[in-house]
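Once you've had a glance at the structure underneath, I'll fire off some questions.
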Amino acid sequence: MAICYIGGMKKDRYESLKNGIKWLRQAISQRKKEVVPLTICAVLVMVTVINIVKIIQIRNAEARQAQEALALQEEFVSESGDDEPLVDETDTESADIDAEGDLADDPNAWYYDIDVDFAGLKEQNEDIVGWIYFEDEESISYPLLYSGDDYYLRRNYLKEMRNLSMFGKLKFYKTEEDYFENHRYFQLVTETGAYRYKIFAYKDVGTLTGGIYTTWKYVDDDFKDFVENTICQGSYVDADIDVEDGIHIVTLSTCSYDSNVRFTVSAVRVDEHEWK
């Protein structure tokens, strides 16, 4: 019998080894095919868990901030309906007051909704400059703070760290049917007066392309273009707005479950009242 040797190994043993290596490669290849989908599933599960944790953290933060705001409201903010109407003696002619002393059918009654004790608030924090109050939405009622920079971007009125979850209920504008139509107005109340705003746009914006946060000091063609193409474009609602001289626009912002996205609500000033 003739036997062929290859490299000192019998041919039949070589073939066995070669077949074994081939089988091993096929097994590894098959295992890789199984590992890839398993790895993808594991990654998706991890991402889901992380997102759930973030949602829970945001909601917990919203709940804490709501409790803090409620405590502040109970101490320093009162609704006019609880006591005598908050009408200046010099302004009684413009208000229609019924026999019981309540405001009736007065188009200017909005600025009598609440009374803010700014003296008491400033004892808590001298940086408190106003109060934001959403009509028909009691849960959005907070002090306004200003330090000249972005110090309060992640802090509350007690100067404690907070995330960007304030105004969390603003997301109802895009998730709850008819919420927009029933919650069009909010007020900014200061020591010198009250200012009423009407919401005309709301949208998601990227944190890296957030040109919507640009501030303007006067109305010109660039500002009109900014309102049309930066604020209104991409809005979930199409509401008409006339950009005229003297217009005032405020944009509110809250965090999203995506750290790279913010939800914004923009409104135009429609009325104002100075305290006398």
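According to a simple spin-label model (label point 7 Å from Cα along Cα-to-Cβ), what is the distance in nm between GLU75 and ILE50?
Between ILE50 and GLU75, the simple spin-label model gives 3.9 nm.
Could you give the semi-axes, largest first, of the ellipsoid that matches segment 159-267, computed as the square roots of 5 times the alpha carbon gyration tensor eigenvalues and rounded to whole Å?
Details: eigenvalues 91, 62, 54 Å².
Equivalent-ellipsoid dimensions as semi-axes: 21, 18, 16 Å.
Follow-up. Would you tally the net charge around GLU75, using a Cβ to Cβ cut-off of less than 12 Å, leaving GLU75 out, and scoring K and R as +1, D and E as -1? Intermediate results must be reported in sequence, preceding the final value.
Working: positive: none; negative: GLU68, GLU74, ASP117, GLU123.
Overall, the nearby charge balance is -4.
If you add up the charges near VAL250, with Lys and Arg at +1 and Asp and Glu at -1, over every other residue whose beta carbon is less than 12 angstrom from its beta carbon, what do you get?
Details: positive: ARG196, LYS198, ARG269; negative: none.
After counting each charged neighbour, the total is +3.
Divide, for segment 131-210, the radius of gyration over alpha carbons by 2.2 N^0.38 Å, where N is the residue count. Mind dumping the intermediate values first?
On the way: Rg = 14.1 Å, N = 80, 2.2 N^0.38 = 11.6 Å.
Here the answer is 1.21, to two decimals.
Roughly how many Å² of THR192 are accessible to a 1.4 Å probe, to the nearest 10?
Number for this one is 90 Å².
Taking each pair of different alpha-carbon atoms in segment 170-219 once, compute 1/r for the pair, average those values, and report the inverse of that mean as the Kirkwood hydrodynamic radius in Å to one decimal. Display every interim value, and only then the final one.
Values: mean 1/r = 0.0738 Å⁻¹.
Its Kirkwood hydrodynamic radius stands at 13.6 Å.
Another question about this same structure. List, in the order given, every pair from LYS54/LYS203; LYS198/LYS224; LYS174/LYS198; LYS54/LYS198 whose Cα-Cα distance in the structure shown is over 23 Å.
Details: LYS54/LYS203 21 Å; LYS198/LYS224 18 Å; LYS174/LYS198 17 Å; LYS54/LYS198 32 Å.
Among LYS54/LYS203; LYS198/LYS224; LYS174/LYS198; LYS54/LYS198, the Cα-Cα distance tops 23 Å for LYS54/LYS198.
Okay, moving on. For ARG154, tell me the accessible area in Å² from a 1.4 Å probe, rounded to the nearest 10.
Counting only protein heavy atoms, the figure is 110 Å².
Contour minus end-to-end for LEU153 and HIS248, with contour as 0.36 nm per residue of separation and end-to-end as the Cα-Cα distance?
Numbers: separation 95, 0.36 × 95 = 34.20 nm, distance 2.20 nm.
Stretched out fully, the LEU153 to HIS248 stretch lengthens by 32.0 nm.
The values are calculated or read from the model by the stated rules, or taken from the named source; none is laboratory data. Note that this is a predicted model, so its numbers are computed, not measured. Counting neighbours? That spans all protein chains shown, and the Cβs are built from the backbone with ideal geometry, glycine included. Accessible surface is based on the protein model in full, side chains and every heavy atom, while ligands, DNA and RNA are left aside. Shrake-Rupley method; radii C 1.70, N 1.55, O 1.52, S 1.80 Å.
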